[in-house]
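The values are calculated or read from the model by the stated rules, or taken from the named source; none is laboratory data. Just so you know, these numbers come straight off a predicted model, no measurement behind them. Cβ sites come from the backbone with ideal geometry, for glycine too, and all protein chains shown count toward neighbours. With ligands, DNA and RNA removed, areas are computed over all heavy atoms of the protein, side chains included. Shrake-Rupley method; radii C 1.70, N 1.55, O 1.52, S 1.80 Å.
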Amino acid sequence: MDKRVWLFDLDNTLYNAATHVFPHINRSMTGYLQEHLQLDEQAADALRVHYWQRYGATLSGMMRHHATDPGHFLRQTHQFPELPRMVMREPRLRPMLKRLSGRKLVFSNAPQHYASAVLELLGIADLFDDVFATEHARYRPKPQMAGFLRLLHRHRLSPARCVMVEDSAENLRAAKMLGMRTVWVNASARWPAYVDVKIREITDLPRILARQH
């Protein structure tokens, strides 16, 4: 049995969230900051971006500086009545994942209800042993080490067995520091030292791996 464990990010890794989902989340978070911090739209949007850039997630900044309840924040900012229209299914994704030997987990900074809904819409939910969402990391999102360590502990994993597949270079830097192998889903020419494999899109993964053997 293959001992490899694949840790997949969700948004902009397993599917393209940039076109529909992320703009919706960004608007929702900006609106939340407007309402709860009494800010105008421009100030709220700037603060949302600042917290995201500084802490890896807007929620982390809200919890740290405003004692925001994380459950309330995530419920309010991750409501998607039109989610089936926003998640575009890639027909090659399921066959690609089935070809990869080893266990597969989703490791996402998103909340559980949203991550599970997206996986169902993509038609791949049954291929993963677990969805490790931000609640399971006790709201310590990637790239914070605490979330990584909780995932490793929950599944009794050695980092050396893990392959982290991500669109975020900062998250991969943390994974590499723990001893994981790293796959960066990115179309740029840059190749940081902590990235072992780089692919333009997720469905390129088996082909690139086969080339290395």
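Against the chain, whose longest principal axis is taken from its Cα atoms, helix 21-37 shows a tilt of about 30°.
Counting every pair of alpha carbons in segment 1-49, the share spaced more than 17 Å apart comes to 52 percent.
Sequence gap at least 6, Cα distance under 8 Å: using those rules, report the relative contact order of the chain to the nearest whole percent.
Reported as a whole number, the value is 22 percent.
Helix 41-55 and the longest principal axis of the C-alpha atoms of the chain enclose an angle of approximately 40°. Using the Cβ of residue 110 as centre and a radius below 12 Å, the other residues enclosed give a net charge of -2, where K and R count +1 and D and E count -1. Put simply, the C-alpha atoms of the chain give a gyration tensor, and the ellipsoid matching it has half-axes of 29, 19, 16 Å, longest first. Comparing segment 56-117 with the 2.2 N^0.38 Å rule of thumb, its C-alpha radius of gyration ratio is 1.49 (two decimals). Based on Cα atoms of segment 1-83, Rg over Rh with Rh as the Kirkwood radius reads 1.07. Annotation note: trypsin sites (Lys or Arg not before Pro) in segment 1-60 located in DSSP loop regions with a Cβ neighbour count of at most 12 within 10 Å are 3. Beta bridges per DSSP, both residues in the chain: antiparallel share near 0 percent. Taking one quarter of the surface of the convex hull spanned by the alpha-carbon atoms of segment 35-79 gives a direction-averaged projected area of 3.1 nm². So what's the gap between the Cα centers of segment 55-86 and segment 152-188, to the nearest angstrom? Between the Cα centres of segment 55-86 and segment 152-188 lies a distance of 24 Å.
Compared with the rule-of-thumb size 2.2 N^0.38 Å for a compact globular protein, segment 94-213 has a Cα radius of gyration ratio of 1.03. Share of carbon and sulfur in the accessible area of segment 159-202 stands at 53%, probe radius 1.4 Å. Accessible surface area normalised per residue over the chain is 51 Å², counting heavy atoms of protein chains with a 1.4 Å rolling probe. Springs join every pair of Cα atoms under 10 Å in this Gaussian network model of the chain, and among 116, 158, 108 the largest mean-square fluctuation is at 158. For segment 1-95, the share of accessible area belonging to carbon and sulfur comes to 50 percent (1.4 Å probe, ligands and nucleic acids excluded).
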